[in-house]
Every structure is written in C-alpha cells, then in structure tokens.
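Written below as structure tokens is the structure these notes are about.
The values are calculated or read from the model by the stated rules, or taken from the named source; none is laboratory data. Since we're looking at a predicted model, the values are computed, not measured. Quick reminder, even Gly has a Cβ in these numbers, built from the backbone with ideal geometry, and neighbours come from all protein chains shown. All accessible areas refer to the heavy atoms of the entire protein, side chains included, with ligands and DNA or RNA removed. Shrake-Rupley method; radii C 1.70, N 1.55, O 1.52, S 1.80 Å.
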Protein chains: 2
Amino acid sequence: MQKTGILGGGQLGRMLLQQAVNYPVETFLMEIDSQCPAAHLCHHFVQGDIRNFEDVYRFGEFLDTITIEIESVNVDALEKLEAKGVKIYPHPSALRIIQNKILQKDFYKKNEIPTAKYITLQSKNDLELQRSFLPGVQKLAEGGYDGRGVQVIKTASDISKGFEGASILEELVDIHKEISVIIGIDEKGGTALFPPVEMVFDTALNQLDYQVCPAGLPEKIMWRVEAVALKVVRSLRSPGLFAVELLVDKAGNVYVNETAPRVHNSGHHTIEANYCSQYDILWRILLGFPLGNTEIIRNSALVNLVGSTECSGDVIYEGMREVLAMENTYVHLYGKKQTKPGRKMGHVTILGNNPSDLIRQAHLVKSKLKVIA
Amino acid sequence: MQKTGILGGGQLGRMLLQQAVNYPVETFLMEIDSQCPAAHLCHHFVQGDIRNFEDVYRFGEFLDTITIEIESVNVDALEKLEAKGVKIYPHPSALRIIQNKILQKDFYKKNEIPTAKYITLQSKNDLELQRSFLPGVQKLAEGGYDGRGVQVIKTASDISKGFEGASILEELVDIHKEISVIIGIDEKGGTALFPPVEMVFDTALNQLDYQVCPAGLPEKIMWRVEAVALKVVRSLRSPGLFAVELLVDKAGNVYVNETAPRVHNSGHHTIEANYCSQYDILWRILLGFPLGNTEIIRNSALVNLVGSTECSGDVIYEGMREVLAMENTYVHLYGKKQTKPGRKMGHVTILGNNPSDLIRQAHLVKSKLKVIA
C-alpha cells in the first residue's frame, strides 16, 4: 500500500484525510501540534516542525509520496527527498516560485500570464523612492498569509504603514470580481479543471463574506479566466492540485492575483457540489489513478465560519440546530477547541439552483450561526 | 464536546467516522483488532471485546452516547450503562429483539407487521416433527450473519442439513424482489426515510450481485413497503438508524425479512447518491441535531467488492484504474490487508439516471475490478 505523507495538520489536511478513507493508502501526517484538526485521522502522526529541514527530511525518507496543505514548509528538505526518489506533489520547484511573491510575479511575467503591473522593493526606503507608482498594494515577498503581509498604499501619506523588507508594489486593479479556479494536474500533464468560483469579500472586515459556484461571469470572460488559470498551472510544470486566484476588472480584463499549490478554501464546496471533490482529485493524482469528473452537481454557496471578534477561548457554536434544519445545508466543523477573532473554525455549504436564493441563504447562515466563546 | 462511542470497527464504523469529521464530537471506538478498518479514524481507540460485559461497560462508563456497527454486542452492559444515563442508540431493548430471530419474529407478529409464517424450533429434533411445514427456511435464533445460520430445507431429505439449537422455520416466500429501507428515527420520534433500495442476489454464490436505488417497484407497492418499514421502526421504540429488509412476492405482498439496528450495506450509496447519507443521519440523531434530507440526487447502483473465491492473503485490487476512469463511479476500499473468499473488501457506487444503464455499468464494474491475493 502506498505511503503518503501530508505536511500540515489544519482543516485542509483534515478534509484530505477524510477523503483518503476511500483509497488504498497508508497516511502519515506531520504537524507541531498533536491536537491539530487532522491529527487523529491519519495512520501515523509524527510530531514535528514542517519548516525544519531535519524534521521534514526524516518524515519523508521512507514515504512514497508527499503533499502539503500549507505553503510554509521546508523546501530544501523536499528537494533532497525528491532527489532520493520520493514523489513530491507539488514539486519543490513550484513551491519555491509560489513561496516568494517576487518570484511568483516574475514567473507570471516570464510566462506572459496577465497579472497586475508591479515593481520589486528591497526595503521601506524603496517605497519612498517609488511615490510616482502610487496608489498601489504592497505585498511582502515571504510570510504573508490570509491577508497578513498585504497593505494598500494609496498616497505618500500611507508610506509609513508600509512593510520593511523584500516585497512587491502592485498597481491596484479596479476589481469587479474575485475568482478562484481549482485545477488538478497529473504526472502526464492531464488536467481536471473545476468550474470557477466567485469570492465575495467583506471589505470592512477584510475577509471572505461568501463564495458562489459557478461564478457569475459572461461566458467569454469565463473562458478567459479558465484559459489563464490553465496556463498558470501548466507553466508550473508540476503535478498536484492548485488554486489560481484571479481578479476581473470592469472592462473584462483578467489578472492572476496569486496561486496556491494545494487544496484551497475556495474548493470546500466541491465535497457536496461536484461529482469529485478537490480532495478526491488530489488523491487520484497522488496515487496515480485517473482524474475524475469535476462537473457541478448543484450550484452552491459557501460561508466560512470564523471566530467572532472579541471572542477568545473554548469555542461554542450558536445556532447549529437552526442551520442544520435548513434544506441541503452542510456544516463542516474543523475540531478546533479554541476560537480567536477571525479564526477559521468551519464552513457551511449550501446547495441550490437559483444564485440569488443561494446568496440569501448564505446571509441567513451567517446571521444564524455564530462562533463564540 | 459530546463523547460518542462506537462498538465495532469494521467498514460501517469506518464510514461512520468518515462522516463524524464534519461534526463537533469526540469519537471513541472499541474493537478487539487494533488493525481494523476504523481504528485509525477515531480520537480514542480502545482495544476490547464488544461481546464482553466488563469491556463494554468500562468503555461506556464515561461516554455521553453509544452506537453500534454490528449487532453482536454485550446488551447486558449496554442496559446497565443506559440505566446510568448513557444514551444508547439503538436502545438495548431494541437490540435484544433483533439479536434473537425468535424474538424478532414474535415482535413482528405481535405488532401485526407482515412477515413470512413461521414456527419456533428448539432443536433439530423439532425439525423432524415439523415435516408437514416444509418446504421452509431454517434460521438460527442467534449468531447468524451474512448468510450464515440460514438453511433452506425443501424436503424431509434436507433435514440432515438443518441446524441444532433454537431456531425458526419460515415458509418460503415466492420472492419477486428483495428490498431494503433505511430509516433514521430521532429522540422525539421524528423519522427520515431513505428511498427503498432493490437488492439483486446471485443465487449461485448466495451473495449480493448488485443493488439499485430507487427500487423498481410500482408506486402502490412502494408505498406499502415504506409504510411497513416505518411501522417496524416505530414499533421498536428506539432512536437510531435501522435497515428494514423486505421481500415482495409476485402478487405484491410485502413481508419483513429482518431488521438491522444500524447503518447498513444497503445504504452505502447514500454517501454520493442522496443529499444526506445514512451516516450523516445517524450522527444527527446521536448529536441531537435536526434530521436531514434523505432525497435522491441521482439514481445509483452499488456493487460490493468481495474477495474472489480461492484467493486468500495480502489483497490486490486488479482493475482499479479502469473503474476509476468510468464516469461518476466511486470506489470505497475498507483498508483490510487480507482478503478471503467472499470477504467484503470495499464497494463501488455508480451514479446515473437510466436504471438499465446503471445495471449495465454495475456488471462492467464487477467484470473489471477483482479482489485477489
């Protein structure tokens, strides 16, 4: 039986292991926290630091395949393991590009993939020198995650808010829609593309409000979005599963925002809404099985359950009964014992047909189900 | 977080734990074999004999709820735990009725539930005395499972094949269709009925050939089947999830064959084919949540993957790639390392619309995917 390791034990690892139950695979998981959401669902839990060379190398030495559920892993160790013959999906070379926003933007440019114009900064001082480029958005080259390491710099007076260290400064796109496309790609280059998802953000809280699938885009823009996302994934030259986040402006121009080399929040709905889920497709790729059907069964909306602001401590889910009583509504909790403001604690998928009904139901779920302490 | 225990760690426990991932529950599992299919998917694995009073009592003492995935558990211990306040779904009283085929048949009779005529035997000698009742089928009162403990006695010359010990002798029904109905029932008596499934048996091998959902029955017979199954479950006066197996003869008469007080092989397809699966509905009942939608999303066929005759040893799945390449076909393997002739090693669910296409695909899966050693 193939031995597959997962680096990272959060909710993405949890749902990946939930799907592994169907397949002939012996699962290994590395995470520093033995109480993490995925720890109890693998065959072999290994406590360790996924950013540490020795830990990752020793974890992977006797495995057949390794995948990740978070980007911040030790790529040097993965490279050494790859040289030894362990299959690493995504390839360390793709991970290196994605881990660093400067390399990622240079990669898009080199491959003629549309992305917002940008310049590279080495320090906050560089930001001062680039006043003429403003307004823009500064993104730290490394270490940003879930909105951290990103700062809008509208005018010179915002420069004090800027980051020190290597970063990019991007032109602001006049965003009409934010789209995510999930694509699996196997060893032979065969691809499985999921119908694009539209992510709607709450600009006040700077977090996802809800997402709907399929995205509400005219057919021609949809084609462009899919073509661009496919080009990103093919150019990375690595098997695995990728989420390509794109921005569409009012004129219908498409820009790649960023790419994640792993299962993604914007693919949670595929568990119920598509014939094969993103987790299923990744296992098929890891195990060398044929790709599956990514088509939609039902349209869907998805709401993240995040910890309420001003609540920290032992989590309480208020309104679970009401939400579970709603038709074709699926609650997924991640098993985190402690809530914090904004922490991702679970999600709810709603199946339906009519997009406006789905959005109404998404708001209903948000108003009913509260993550408090 | 609620603490729920499962007695038994086979494939049913495995799929029950796969669904538990979504819910706020701390899972405990008891099984004698620490390598059983479900062992690695719970929070706390307890090695023990589910038929032993002490083992079961100690396992359950600190739990909030207990359920089962196999009937052969120690009911005395469960009764004592119930008296202590642990919620046991199904109730020990229902388990007692079902564990013994004589009590089960008497229960149907008492509740005016249609079932094949029968007489009770205490020994093989009784069988001799009941020659005038033949042809019939003898079923051992206790210990029968998966076709074992069942023997057709056509004429007096078959009596030598009969069982010693307490049993029933049933009239043979002229079977037109074998049907299974899965029903969840919550604490307040609310029910969630899954559309009836038709089980097609391979009479030569005496095992399930394939099953399809919904069953191919005229509407009026379907209503009768559902009404009878509901009556069985309501009469048991116990929350839980039940599979009622029924026989329909050519005249359209409906007979209850037997009832299982747990998730069931005939409900595996509900994972993909229904809005909520049998596993989901049982968790909702265990956790006191509202019942969910049991409607069909797509028609389905299901094939059990059983160990080939004359093959024992380390399992090999031949033809996995071909089956996974078939459209909307879902393979579930149970993680058993050793195959034996007839052993249930996995199942395949096929989604579609047209019943005859589904049956054709079921046969294709059976011809392609072989469980060998």
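The label point for B:Ile175 and the one for A:Ser132, both projected 7 Å from the Cα toward the Cβ, are 8.6 nm apart.
When the inverse distances between all different Cα atoms of region A:238-297 are averaged and flipped, the Kirkwood radius reads 12.8 angstrom. Peptide A:24-34 has a mean shielding of 1, counted as Cβ atoms of other protein chains within 10 Å of each residue's Cβ.
For chain A, the relative contact order is 13 percent, taking Cα pairs closer than 8 Å that sit 6 or more residues apart in sequence and dividing their mean separation by the residue count. With its label point defined 7 Å out from Cα along the Cα-to-Cβ axis, B:Thr203 lies at 7.3 nm from the matching points of the other copies, in increasing order.
Rounded to a whole number of µm²/s, how large is the Stokes-Einstein D of region B:30-95 at 10 °C and 1.306 mPa s, given Rh as the Kirkwood radius over C-alpha pairs? After rounding, the answer is 132 µm²/s. According to the calculation over all Cα-Cα pairs in chain B, the P(r) per 20 Å bin from zero is 28, 61, 11 %. With each label modelled as a point 7 angstrom along the Cα→C-beta vector, the A:Ile32-B:Asn354 pair spans 5.8 nm.
Maximal additional length on extending the B:Asn253-B:Ser123 stretch stands at 43.7 nm, based on 0.36 nm per residue less the C-alpha distance.
Largest accessible area first, the residues A:Lys87, A:Lys105, A:Lys336 order themselves as A:Lys87, A:Lys336, A:Lys105 under a 1.4 Å probe with ligands, DNA and RNA left out. Where both bridge residues fall in the protein assembly as shown, DSSP classifies roughly 80% of the beta bridges as antiparallel.
Tell me, how many Å apart are the Cα centres for region B:32-58 and for region A:39-59? Going from one Cα centre to the other spans 26 Å.
Take each residue of peptide A:40-46, count the partner chain Cβ atoms within 10 Å of its Cβ, and average: the result is 4. Just checking the listed ones, A:Pro196, A:Pro355, A:Pro290: in the Gaussian network model of chain A with Cα springs under 10 Å, the one fluctuating most is A:Pro290.
Taking the centroid of alpha carbons for each part, region A:313-362 and region A:103-172 are 34 Å apart. Spatially, region A:260-301 and region B:246-301 are offset by 26 Å when compared through their Cα centroids. Take each residue in A:326-335, count the other chain C-beta atoms within 10 Å of its C-beta, and the mean is 5.
Rolling a 1.4 Å probe over the protein chains gives B:Ser72 an accessible area of about 50 Å².
Set the Förster distance to 60 Å, then compute FRET efficiency between B:Met1 and B:Ala156 from the Cβ-Cβ distance, nearest 0.05. The calculated FRET efficiency here is 0.50.
Once you list every other residue whose beta carbon is under 14 Å from the beta carbon of B:Ser300, what net charge do they have if Lys and Arg are +1 and Asp and Glu are -1? With Lys, Arg at +1 and Asp, Glu at -1, the neighbours total -3. Put a dot 7 Å past the Cα of A:Asp202, heading toward its Cβ, do the same for A:Glu310, and the two dots end up 1.4 nm apart. Summarised as an ellipsoid, the protein assembly as shown has semi-axes of 52, 25, 24 Å, derived from the eigenvalues of the Cα gyration tensor scaled by 5 and square-rooted, with the largest first. Solvent-accessible area of B:Ser238, all protein chains in place: 0 Å² (probe radius 1.4 Å, heavy atoms, ligands and nucleic acids excluded).
Residues in region B:31-60, backbone N under 19 Å from the label point at B:Glu142 (7 Å along the Cα-to-beta-carbon vector): list them, ranges by number please. Within reach of a label on B:Glu142, which here means backbone N under 19 Å from a point 7 Å along Cα→Cβ, region B:31-60 contributes B:49-57. Packing here is the average count of other Cβ atoms within 10 Å per residue, and on that basis the peptides B:121-129, B:133-141, highest first, run B:133-141, B:121-129.
When the Gaussian network model of chain A links Cα atoms closer than 10 Å, the mean-square fluctuations of A:Asp314, A:Asp64, A:Asp49 top out at A:Asp314.
Rounded to the nearest 0.05, the FRET efficiency derived from the C-beta distance between A:Glu79 and B:Lys337 at R0 = 35 Å is 0.55.
Taking the label point 7 Å along Cα→Cβ, A:Pro290 and its counterparts in the other copies are spaced 4.0 nm apart, in ascending order.
How high is the FRET efficiency from B:Ala166 to A:Arg234, r the C-beta distance, R0 45 Å, rounded to 0.05?
Computed FRET efficiency for B:Ala166 and A:Arg234 comes out at 0.05.
In nanometers and ordered shortest first, the copy-to-copy spacing of the A:Glu112 label point, defined 7 Å from Cα toward Cβ, is 8.1. Helices assigned as whole DSSP H runs in chain A whose Cα atoms extend at least 24 Å along their own long axis and whose mean Kyte-Doolittle hydropathy is 0.0 or higher are found at A:219-236.
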